[in-house]
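A short worksheet on the structure shown next.
Rule-based calculations on the coordinates, nothing more; no lab input. All values derive from a computational prediction rather than experimental measurement. With ideal geometry, Cβ positions are generated from the backbone for all residues, glycine too; neighbour counts draw on all protein chains shown.
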Amino acid sequence: MAILETRDLNKWFGGLHVTGGVDFTLQPGEIHCLIGPNGAGKSTFFRLILGEYLPTSGRIFYDGHDITRAKSFARIRRGISVKFQVPGIFKALSVRQNLQIALQHHLAGHSLGEEIDRLLEFLKLKDTEKQLAGDLSHGQKQWLEIGMAIALKPKLLLLDEPTAGMTPDETFATGEMVQALNRNGVTVLAVEHDMAFVRQIAQSVTVLHFGKIFAQGTIDDIIADEGVAAIYLGEVHA
Ligand code: ADP
Ligand code: MG
């Protein structure tokens, strides 16, 4: 059974058809990348899955449940988590305190401290735990944000441009984090522009264009697709 399925999902903003009849299926255990030119509707698709926007029509199923109209908190409770493009960390608090906030309603005392230590290690942030989050490098902020998103051990992790602004080394390390999470059973759907990163992590790729699924396949299928090349070329000339 699919972990996530959308059926004929549509979202209109006024006269703008931003999600155009999307039938999308994600299998459990998959790492799937969503690509497409700017304005293709990738972030909107994420917000529909998370319940931050309600669709104009169509349905969304998660783990066997119809979540089309479910509130965001109910979706999160069922195991969906997201890291958006803009970091939502608490800049005036330390790295450790940020992770504590993400965990403290669920763990206490010794196990809370241990889990924070485990996360700091995983995120390569152990040496920075006492620093203010606002003083981290751009890449480290993104990792802390990933930490906040995975603190509650989601089943489905949505990542919106997780490597934007990262150095190639940070990008590669992020790919290794995503793969490690996936080995531990997390299904991943990532919006990404960096094709090296997509190649590193994606088992399959979906191309969105004007809110519709334009192509699907392996990364090799996608980069060999002349139609896909044309829509990206269109972006460069726009
Ligand atoms: P992407 O993430 O692929 O760059 P978005 O989903 O952010 O694309 O945006 C797709 C289109 O929807 C854009 O034309 C954008 O301006 C429009 N859009 C997104 N959110 C809103 C909104 N809340 N109100 C009106 N238009 C929106
Ligand atoms: Mg976007």
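Numbers below:
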| read-out | value |
| --- | --- |
| Rg and Dmax of the stretch 89-151, Cα atoms only, in Å | 10.4, 31 |
| Karplus (6.51, -1.76, 1.60) ³J(HN,Hα), θ = phi - 60°, over the stretch 125-134, in Hz, Gly and Pro reported as x | 10, 4, 6, 10, 4, 8, 5, 5, 4, x |
| Per-residue ³J(HN,Hα) for the stretch 65-72, Karplus 6.51 cos²θ - 1.76 cosθ + 1.60, θ = phi - 60°, Hz, x for Gly and Pro | 10, 7, 10, 3, 10, 5, 5, 3 |
| A2-I101 pseudo-label distance in nm [points 7 Å out on the Cα-to-Cβ vector] | 3.5 nm |
| Share of alpha-carbon pairs per 10 Å distance bin for the stretch 1-115, given as whole % | 12, 36, 30, 18, 4, 0 |
| Residues with amide H under 5 Å from that of A215, placed H, sequence gap 5 or more | V207 |
| Charge sum, other residues only, whose C-beta stays under 10 Å from D135's C-beta, Lys/Arg counted +1 and Asp/Glu -1 | +2 |
| Counted charge near K11, where neighbours are those whose Cβ lies closer than 15 Å (Asp, Glu -1; Lys, Arg +1) | +3 |
| Net charge over other residues, Cβ less than 11 angstrom from the Cβ of I116 (K, R count +1; D, E count -1) | -2 |
| For the stretch 189-230 and the stretch 21-100, distance of Cα centres in Å | 19 Å |
| Convex hull (Cα only) mean projected area of the chain, reported in nm² to one decimal | 13.4 nm² |
| Gain in span if fully extended, D117 to L16, counting 0.36 nm per residue against the direct Cα distance | 31.8 nm |
| Cα-based Lys pair tally, the chain, threshold under 20 Å, eight or more apart or on separate chains | 23 |
| Average Cα contact separation per residue, the chain, under 8 Å, 6 or more apart, as relative contact order % | 27 percent |
